[in-house]
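All remarks here apply to the structure that follows.
The values are calculated or read from the model by the stated rules, or taken from the named source; none is laboratory data. None of these values were measured; they are calculated from a predicted model. Because the Cβ atoms are built from the backbone with ideal geometry, glycine has one as well, and the counts that use them run over all protein chains shown. Ligands, DNA and RNA are stripped out before the accessible areas are found, and what is left, the full protein with its side chains, is counted by its heavy atoms. Shrake-Rupley method; radii C 1.70, N 1.55, O 1.52, S 1.80 Å.
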Amino acid sequence: MKSNKAGHFWALDIVGAALFSAGLAGGVSALVAHQTTLPWLAALASGAVLRAGSVGLVHTLAMPIAQRDANVWRTNIMAHLLGGRLDRPLTAGASAALAVDHVHAIEEHGARFLPARISAVFGPLFAIGLIALASWVCALILLGTLIPFIIGMIFAGTAARRASERQLEALTALSGLFVDRIRHLPLIRHFAAQERIARQVESATHDVAQRTVAVLRAAFLSSAVLEFFSAIAVALVAVYCGFALLGLLPFTPPEPLTLARAFFALAMAPEVYLPMRRLAAAYHEKQMGEAAKAALEPYTPTAPAPNAPEAPAPAAPFTGLRVEGLTLAWDALTIGPLTFALDAQGLVALTGPTGSGKTSTLAAIAGQIAPAAGAILDSRGAPLDPAHIAWAAQRPLLLPATLRENIALAAPGATDAAILAVAARVGLDPVLARRGGLDLAIDHRGSGLSGGERRRIGLARAILSGRPLMLCDEPTADLDAASAAQITALLCDLASERALLVATHDAPLAALAQQEIAL
Amino acid sequence: MSPQTRAPARLTPIEMVRPTGALRASLRAGTLSAIAAALGGLFLLGISGWFLTGAAVAGAAGFAAVQAFNYLIPSAAIRLLAITRTVARYGERLLSHKAALTAMADVRSRLFARLAMQDTRSAPNLSAGEASARLIGDIDALEDLVVRQPTRPGSLAAALAGVALAALSGWLCALVLALLLAVFPFALGALSRRWTRTPAHEAAEALGDLRSRYVDMAQARAEIAAYGLVPRVLDELALPVARLDAARARLFRAEGAIAAFQLVYGALAAIVVLATASRGPALAALAILAASAAVEGLAALARTAFRQASVDESLRRLEDLLALDAPAPAAPIDVNLSASTLHLGAQAFGPGARIALTGPSGSGKTIVLEALAGLRSSAAPIRIGERALAQCCEAELSALFALSAQDAPLLAGSIADNLRLAHTGLDETAMRTALHVACLDERIARLPHGLDTRLGEDGAPLSGGERKRLSLARALLAGRPWLLLDEPTEGLDAATEARLVERLGDWLERTGSGLVLVSHRPHPLTLVHARVAIDTLVTL
């Protein structure tokens, strides 16, 4: 979105301000002429009501417009982050920062900065135009202060922007350090390093504070420019008008000036600068919004609806998986190269310690993370069809729906008989018996389900999908010994009818695989 | 917010940070600047109006009146005020931010020192991202409060000056204006709370709900992508999104309503002053413009009021953390524990013993290691000398044990930073020796920046197994009597594993350190002399 049209209603604010100023000017003139001030009091009141109305209008209209735009971003980002192919794996927290916090920043930018920018473009000139109706000399004076103001803002503004960017970087780095040390307090206490690390934190925070003060000077200078010109505008208008009314100008006044006209110009003078102040107040939202857009840019593919459910192409049946030189790389971390093959039936284990990239490798094979090099093919050498891949997760997705619907997420047409058969096979029948069958309502937290039961729902879902290649992520992790043994037996059984690629650091499970690929 | 509404027992944020002399001076100067800026703005408008009107009256009255009208002083005052206001505002901003930034640096370091003193077994857990992010947010809210502090005296000065100038137009005028100004902050505060409390709360709730639901979805990303469930999931998230949007739109409208109220109130003040002014038009002009400026000045107070609810919330949480006392040790710290016997259940081990904890996966071996390391409380029948584990304070445990944990936590910073965590005054030779035992010296020597290589978020460029060995080297460097190792060779190839076990054996021999090992791989188990079955220690 380039603009937020609600900003146009700030024009009403200027009209209201003019009415209010006219009320002031007329009221004071009426006092001078010993007339009643009543009509002017009415003008003051109606000017204020008009201004209040315009503020209300902008605040009522701007947010829905900003939200409409932000929701487009949100939908695209969420669709891509949840279903698209990424360049690197993201933690759920990082994903939420993008989809929730950054979109929030875009909304704030749309609701606060964009309307203010519209009014900053037309507002000053509109206010000067209204002043010209009373005194064109005053209008000229204000126009005259506006030009050096804009030049000053450009210089001070550029310096301020650079300064505040540096400040933002320093503060981000500092809060990164602070958060890191806070998170690792148990580790720090364990090594009795409290005092040393506390000293380090103290010197880092004070260092950043001092540097920040230095860069803030430049930022405040641009505000000072704004203040100075708006103050000087009032002063110049007051002095010119005063001397003109006294008849003390060293030249003949080029226009007939009355107290009412002069007072109107004086009262309106601050309004010329008000839109720019409003804009300056939204500077933070501008910065955050632009940073958010830049951060989201890599995740907004030009192609619409990434990874929409693919049309069931007349796919060739799955005959096996071939992974050739698969390499994943991000930051300075490299996983692979991996080369292995898996037939249409069988079990291959992917092993390695926590953090070695097992899940990322599975995700790359599923086409969810772009590899740095290598190929993922079927046994005939054609690209692997994503519709052949089922995924049994460590912590499976649960949607607020019935158990039936949750098991059949990947096979919406499945009959109850088929669902019950699969549920029995993965060992869910105790849950079914205990909790009232397939109609069991599940909330989004999966309340009442143990980790093991949840894992089994994921397995049932993968089996029911009928997809011939199953990727299993840590199927036995955190399970009690009996459950782990049951799941291991089930996986062995499944391996005789389909292809299983299992990421695990469970030695008994890895021992059953035809091949173990260590990362 | 006004100072009166604060409960007397509550410490102000400035008291919380115990300002240093320099900080107090900064804040005082900032406050003076704020007052100068507020008065400068008010007098600039007021005197301009008075000058204009007086000039018009004198101009209309003829030559003699013009001669009698002193225009030099007001016109010079106007120019002076324009400059004063600018400079004072700049000073206020700079000084208040300086004070706030210094204060925040103090809060951060004090808070950190306070938290670091705690016993991990009873301290608030801040290891999750959510908790530490909230802490940062709380501190930022506090910063905002310090920055705004000088505005309060500035606003009050503007209000008083406004009333004083209105008094020139008669006592009635001053009285009504004083009443209006006195009511204004309370009315604004009350309306702000009334209009924003519910939507602000609702928006925060909705945001939390959306975030937690989205995090659930993001954790299940693999399934969503594999089965093409994106539209279904977006439908699911549409409800919390709609709730959030509605609450935020309402909050934004409330903000607009508050701004509108200020505008109307300012106009009301001007109307009342105009209607009651009784000492001539010039002084009336002065009073009206001063009244408007005073209301505008007081509105700065309201901006603080607007955020007060969330600031209060932050303050409360920070005060709770700052109020934490260091836990008193159950008994005086015993420096001779290092020579004591380690009792694991019925078995007793002298210093330098090498023990393996055995048992099936998930039976609690890691939990016992963490309990020994002081990272979690445990009722396991473990004693050190005559003292039960729970009675040992963390300082005692950390003087006895050095843990290399299964998940190998690393600090953000360089490799050397991570090693230095273990002990004061470590030199490069010591680090290289420890890295050699951990079979990581050659790998690190090949890195372009060697020991100074900065580790990224996932410990990159080190792989999972390398992180593990770095954490092992760190535990070796701690030089404690007992080494606690959790799966030290997981994910290593056979050759490296053999080398590491051999070097570790030499190291244990050389230093005489004891070892408590958890490993499901057979090779490291050759290091130990005794085995303890986990089910004698833990009942699940």
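Structural remarks
- Given a 1.4 Å probe and the protein chains as shown, B:LEU411 ends up with an accessible area of around 10 Å².
- Segment A:SER203..A:THR60, full-extension length gain: 46.8 nm, with 0.36 nm per residue of separation and the alpha-carbon distance subtracted.
- Charged side chains reduced to their Cβ positions (Lys and Arg at +1, Asp and Glu at -1) give chain A a dipole of some 980 debye around its Cα centre.
- With respect to chain B, whose longest principal axis is taken over its alpha-carbon atoms, helix B:281-322 is tilted by about 10°.
- Cβ-defined net charge surrounding A:VAL426, 15 Å radius [Lys, Arg +1; Asp, Glu -1]: +3
- Its relative contact order, with pairs defined as Cα atoms under 8 Å and 6+ residues apart, puts chain B at 17 percent.
- Residues whose amide H lies under 5 Å from that of A:ILE369, counting only those 5 or more places away or on a different chain, are A:LEU86, A:ALA364; hydrogens are built 1.01 Å from N in the peptide plane.
- With every protein chain in place, the protein assembly as shown: carbon and sulfur % of accessible area (1.4 Å): 61
- Virtual spin-label span in nm between A:SER379 and A:GLN35, 7 Å along Cα→Cβ: 10.1
- Accessible surface, per residue, of the protein assembly as shown when the full set of protein chains is kept, probe 1.4 Å, Å²: 40
- Part-to-part distance (alpha-carbon centres) for the stretch B:42-113 and the stretch B:341-374, which is given in Å: 73
- Set of the stretch A:185-215 residues, backbone N closer than 16 Å to the point 7 Å along the Cα-Cβ line of A:THR91: A:185-187
- Stokes-Einstein D (µm²/s) once Rh is taken as the Kirkwood radius of chain A over alpha-carbon pairs, at 25 °C in 0.890 mPa s: 84
- Rounded Å value of the spacing that divides the Cα centres of the stretch A:233-260 and the stretch B:252-286: 26
- Percent breakdown of C-alpha pair distances by 5 Å bin, ordered from the shortest bin, for the stretch B:335-536: 1, 7, 16, 21, 20, 16, 10, 5, 2, 0, 0
- Area hidden from solvent between B and A (accessible, protein heavy atoms only, 1.4 Å, total, Å²): 11600
- Relative contact order (%) - chain A, alpha-carbon pairs under 8 angstrom, separation at least six: 17
- Once Rg and the Kirkwood radius are both taken over the C-alpha atoms of chain B, their ratio Rg/Rh works out to 1.17.
- Restricting the stretch B:349-423 to GluC sites (Glu not before Pro) that sit in a DSSP loop and have at most 14 other Cβ atoms within 10 Å of their own Cβ leaves B:GLU386.
- Whole-number percent relative contact order across the stretch B:335-536, with pairs defined as alpha carbons under 8 Å at least 6 apart: 33
- Taken about its Cα centre, the stretch B:335-536 carries a charge dipole of about 300 debye when Lys and Arg each add +1 at the Cβ and Asp and Glu each add -1 at the Cβ.
- Entry note: the stretch A:1-57 has Rg to Rh equal to 1.20, where both radii use alpha-carbon atoms and Rh is the Kirkwood radius.
- Nearest 10 degrees, 0 to 90: helix B:171-219 Cα axis against chain B principal axis: 30
- Degrees between helix B:151-167 axis and first principal axis of chain B (Cα, 0 to 90, nearest 10): 10
- The label-point distance for A:GLN345 and B:GLN347, in a model that sets each label 7 Å from Cα toward Cβ, rounds to 4.6 nm.
- Measuring spread by the Cα atoms of the protein assembly as shown yields a radius of gyration and Dmax of 35.8, 115 Å.
- FRET efficiency, B:ARG24 to B:LEU80 (Cβ-Cβ, R0 30 Å, nearest 0.05): 0.50
- Point-to-point label distance, B:PHE63-A:ALA481, nm (Cα→Cβ direction, 7 Å offset): 11.9
- Near A:GLU497, once Lys and Arg are set to +1 and Asp and Glu to -1 for all other residues with Cβ below 14 Å from its Cβ, the sum equals +1.
- Evaluated over the protein assembly as shown, the count of Lys pairs having alpha-carbon atoms less than 18 Å apart is 5 (only pairs 8 or more residues apart or interchain).
- Residues whose amide H comes within less than 5 Å of that of A:ALA390, counting only those at least five positions distant or on another chain, are A:LEU469, A:MET470, A:LEU471 (H built at 1.01 Å from N in the peptide plane).
- Residues in the stretch A:474-505 reached by a label modelled at A:GLN514 [backbone nitrogen below 17 Å; 7 Å Cα→Cβ]: A:491-503
- Neighbour-limited loop hits for trypsin sites (Lys or Arg not before Pro), the stretch A:358-439 (at most 10 other Cβ within 10 Å; DSSP other than H, G, I, E, B): A:ARG380
- Full-stretch length increase - A:LEU125, A:PHE251 - with 0.36 nm per residue and alpha-carbon distance subtracted: 42.6 nm
- P(r) weight above 17 Å for the stretch B:18-100, C-alpha pairs, percent: 58
- Scanning residues 5 or more positions from B:ALA533 or on other chains, those with amide H under 5 Å from its amide H are B:THR358, with H placed 1.01 Å from N in the peptide plane.
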